[in-house]
Amino acid sequence: MLDDIKKDAGERMSKSVAALQQEFTKIRTGRAHTSLLDHITVEYYGSQVPLNQVSNVGIEDSRTLIVTPWEKDMVAVIEKAIMTSDLGLNPVSAGTVIRVPLPALTEERRKDMIRIVRHEAEGGRIAIRNIRRDALGDAKDLLKEKMIGEDDEHRAHDEIQAITDKYVAEIDKVLAEKESELLEI
């Protein structure tokens with residue numbers, strides 16, 4: 001039973017780290033990356049569809065993304081969706097191809113990005129601590145129901161804390177990598 005609790009906590013914590021890494025891919029570093037446009041949706045025959053399902057997104061050079069819609073009618077819709085997104089990008093269409101130049105990051109913008117990244121990382125740490133709290137609560141419930149002894153509960157507490165420490169360190173490592181990526185020019 002305790003092994004199940006620890007295994008579940010570890011899986012949920014690793015998912016929290018993966019979610020944080022996914023969130024970090026959306027934060028721009030000045031280099032073109034196709035995942036930058038992953039969360040943008042466009043209106044396609046009356047429903048909202050992810051951009052990568054109505055077009056081909058690629059990298060033209062280190063500072064330019066290129067979006068090639070599969071239908072010519074979608075050029076204006078995709079261009080508007082990119083413009084109105086929270087990324088602050090200004091796409092330029094040339095016929096059936098949309099180029100999305102990424103402006104160079106100023107030092108002030110880099111500091112803002114680092115602040116955002118740190119906030120996201122803290123959210124990840126909080127999620128991991130909440131998972132730890134749930135796992136410890138489950139262990140206490142087993143103790144109250146007399147399914148385990150106090151020694152087992154203390155041992156489980158220490159092991160869950162070790163798992164928590166491992167994943168918090170992983171978040172700190174991911175954060176350090178993203179910060180150094182944001183600071184490089």
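The values are calculated or read from the model by the stated rules, or taken from the named source; none is laboratory data. Just so it is clear, the model here is predicted, and its values are computed rather than measured. Neighbour counts run over all protein chains shown; Cβ positions are idealised from the backbone, glycine included.
Listed by first and then second residue, the pairs with beta-carbon distance under 8 Å, at least 6 apart or on different chains, first residue in segment 111-136 and in contact (Cβ under 8 Å) with a residue 12 or more places away in the chain and surrounded by 14 or more Cβ atoms within 10 Å (Cβ to Cβ), second acidic (Asp, Glu) and in a helix (DSSP H, G or I), are ILE114/GLU179; VAL117/GLU179; GLU120/GLU23; ALA121/ASP172; ALA135/ASP8.
The single condition among (1) surrounded by 12 or more Cβ atoms within 10 Å (Cβ to Cβ); (2) on the phi > 0 side of the Ramachandran plot that LYS146 does not meet is (1). Being assigned by TED's automatic domain parsing to the domain that holds GLU145, under 28 Å from VAL168 (Cβ atoms) and among the acidic types (Asp, Glu) is true of ASP8. Each residue in segment 112-155 was checked for being charged (D, E, K, R) and within 19 Å of the chain's Cα centre (by Cα), and 7 of them qualify. In segment 69-86, the qualifying residues are those that are surrounded by 14 or more Cβ atoms within 10 Å (Cβ to Cβ) and in contact with a strand residue (DSSP E or B) (Cβ under 9 Å, 6 or more places away or on another chain), and the one that is nearest to THR34 (Cα to Cα) is ILE82.
Taking LEU89, is it touching a Gly at 6+ places or on another chain (Cβ under 6 Å) and either among the hydroxyl-bearing types (Ser, Thr, Tyr) or surrounded by 12 or more Cβ atoms within 10 Å (Cβ to Cβ) (or both)? Taking the combined requirement at face value, the residue does not satisfy it. Within segment 35-51, the set of residues being touching a helix residue (DSSP H, G or I) at 6+ places or on another chain (Cβ under 8 Å) and under 27 Å from ARG63 (Cα atoms) comprises SER35, LEU36, LEU37, ASP38, ILE40, THR41, VAL42, GLU43, LEU51. When SER55, SER47, SER62 are screened for being surrounded by 15 or more Cβ atoms within 10 Å (Cβ to Cβ) and of a type in the set (S, T, N, Q), only SER55 passes. Each residue in segment 137-154 was checked for being assigned to a helix (DSSP H, G or I) and in contact (Cβ under 8 Å) with a residue 12 or more places away in the chain, and 6 of them qualify.
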